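Below: the structure, in structure tokens.
The values are calculated or read from the model by the stated rules, or taken from the named source; none is laboratory data. The structure displayed is predicted, hence computed values, not measured ones. Calculation scope for accessible area: heavy atoms of the full protein, side chains included, ligands and nucleic acids excluded. Shrake-Rupley method; radii C 1.70, N 1.55, O 1.52, S 1.80 Å.
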Amino acid sequence: MDASALKKWMIAVLLSSALGLATGCTSPEARQVSARASGSDQASPEEGEFQASLILSRKISRKSGRPIGEGDSFRSRSKSSVHATLECAGARPRRPYTFHLVWVNPDGKELYRKYATVVQEPASEQEFRTVITWLDAEDLHKVKVDTVLSDQPVFNLQTRFNTSLKRERDPGTWEMRVYLDRRHLLTRAFELTVPAPDSPDVETASS
């Protein structure tokens with residue numbers, strides 16, 4: 001399949017998922033990750049087994065692309081965000097993986113989500129090609145395609161949630177939820193705190 005045909009096929013897969021048309025049982029990948037997340041499987045992952053982990057951080061390094069300031073508690077400031085990084089390994093070659101990355105507020109209401117379909121394949125004996133197709137949640141016809149080359153069969157997906165004071169986000173326990181093929185994969189909770197009205201952060205944001 002050439003690059004143009006692959007892109008069209010991935011967009012069709014992603015649109016179907018976003019519109020709620022995907023059906024079927026929970027994938028083996030989702031079962032493997034869920035078992036490890038729940039602690040029901042304590043064995044080390046076998047070689048080639050699908051793995052996924054979710055990291056929350058204050059920002060992302062422009063140089064390395066790695067999370068900076070990892071944690072589960074964040075403070076709303078004049079300019080602030082919470083970044084989520086989904087790290088995956090062990091993807092099956094040429095198998096399309098459809099992800100939904102969802103930010104959920106303390107009331108359990110979804111505020112924002114990103115859609116992505118990922119296909120990975122060997123590019124050579126020493127390289128892997130990962131094609132990530134992003135779909136805009138507010139405009140299903142707005143598509144962005146990223147192609148990444150790496151020396152390992154791994155890939156990352158990242159999304160950012162604006163927590164600046166001007167956004168007036170509710171304090172409390174928020175969640176980042178990840179769905180694989182429209183089935184729950186991982187959830188990471190975090191606390192968002194808001195400074196008192198007379199704090200320097202609030203004064204700076206309103207000036």
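Rounded to whole numbers, the Karplus 3J(HN,Hα) couplings from phi for segment 141-148 are 9, 8, 10, 10, 10, 10, 10, 10 Hz, using 6.51 cos²θ - 1.76 cosθ + 1.60 with θ = phi - 60°, and x at Gly and Pro.
Which pairs in the list LYS79/LYS144; LYS63/LYS142; LYS63/LYS144; LYS142/LYS166; LYS109/LYS144 are over 24 Å apart, alpha-carbon to alpha-carbon? From the list (LYS79/LYS144; LYS63/LYS142; LYS63/LYS144; LYS142/LYS166; LYS109/LYS144), the Cα-Cα distance tops 24 Å for LYS79/LYS144; LYS63/LYS142; LYS142/LYS166; LYS109/LYS144.
Taken as Cα centroids, segment 52-79 and segment 133-199 sit 11 Å apart, rounded to the nearest whole angstrom.
Per-residue surface analysis assigns ILE60 an accessible area of about 40 Å², computed on protein heavy atoms at 1.4 Å probe radius.
Dividing the Cα radius of gyration of segment 70-184 by its Kirkwood radius returns 1.03 for Rg/Rh.
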